[in-house]
Amino acid sequence: MLGLALSACNLIYKLPTRQGNVIEQKQLDQLKVGMTRDQALFLLGTPIAASPFRADRWDYLGYYKSPRGQVSSRTVTLYFEADKLARIDGAAPVAGASSLDTPDAKSVIEQQKKDKVEAERAAEPTESGVVLTPESAPQAP
């Protein structure tokens, strides 16, 4: 009986999935053509795809899936000539993208805190068995 009642509630918390490089726009905004490889490495970290056959190209691949199932991915490619950054592909923010589409570490942590508070609040017992949220609270006449 209890198992049936709990199965109707969506109490399972799903962790966000982050794979590849963490690509934040504020780091990409600091990249400038003419930087050295070491400077680019300091800003973005080690590329996930650097080929020994093409030493002039670094690829940064980032994938993020939120606990609610929203997926975003991004690829940034750096091209070097004579150990200097010559071209950057994928560094411009995607038009119409919200912070949820391209999350940074601060946004992810804030969302995790909100989700935790929401889950704790939903788990608290209430006298009537009904949890009122601010959107569904009755209005005073």
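Selection of segment 67-95 for residues being polar (S, T, N, Q) and either in contact with an Asp or Glu (Cβ under 8 Å, 6 or more places away or on another chain) or without any contact (Cβ under 8 Å) to a residue 12 or more places away in the chain (or both) yields Gln70, Ser72, Thr75, Thr77. Residues in segment 24-71 that are out of contact with any Ser or Thr (no Cβ under 6 Å at 6 or more places or on another chain) and either within 30 Å of Tyr13 (Cα to Cα) or small (Gly, Ala, Ser) (or both): 19 in all.
Out of the residues in segment 20-47 that are of a type in the set (Val, Ile, Thr) and closer than 15 Å to Ile88 by Cβ, which is surrounded by the most Cβ atoms within 10 Å (Cβ to Cβ)? Residue satisfying both the conditions and the ranking: Ile23. Under the condition of being closer than 17 Å to Tyr79 by Cβ and among the acidic types (Asp, Glu), the residues counted in segment 19-48 number 1. Checking each residue in segment 48-66 for being touching a strand residue (DSSP E or B) at 6+ places or on another chain (Cβ under 9 Å) and either surrounded by fewer than 16 Cβ atoms within 10 Å (Cβ to Cβ) or without any contact (Cβ under 8 Å) to a residue 24 or more places away in the chain (or both) picks out Ile48, Ala49, Ala50, Ser51, Ala55, Asp56, Arg57, Trp58, Asp59, Tyr63.
FYI, it's all coordinate maths here, none of it is from the lab. Computed from a prediction, not measured in an experiment: that's the story for all the values here. Methodologically, a virtual Cβ is constructed for each residue, glycine included, from the backbone with ideal geometry; neighbour enumeration extends over all protein chains shown.
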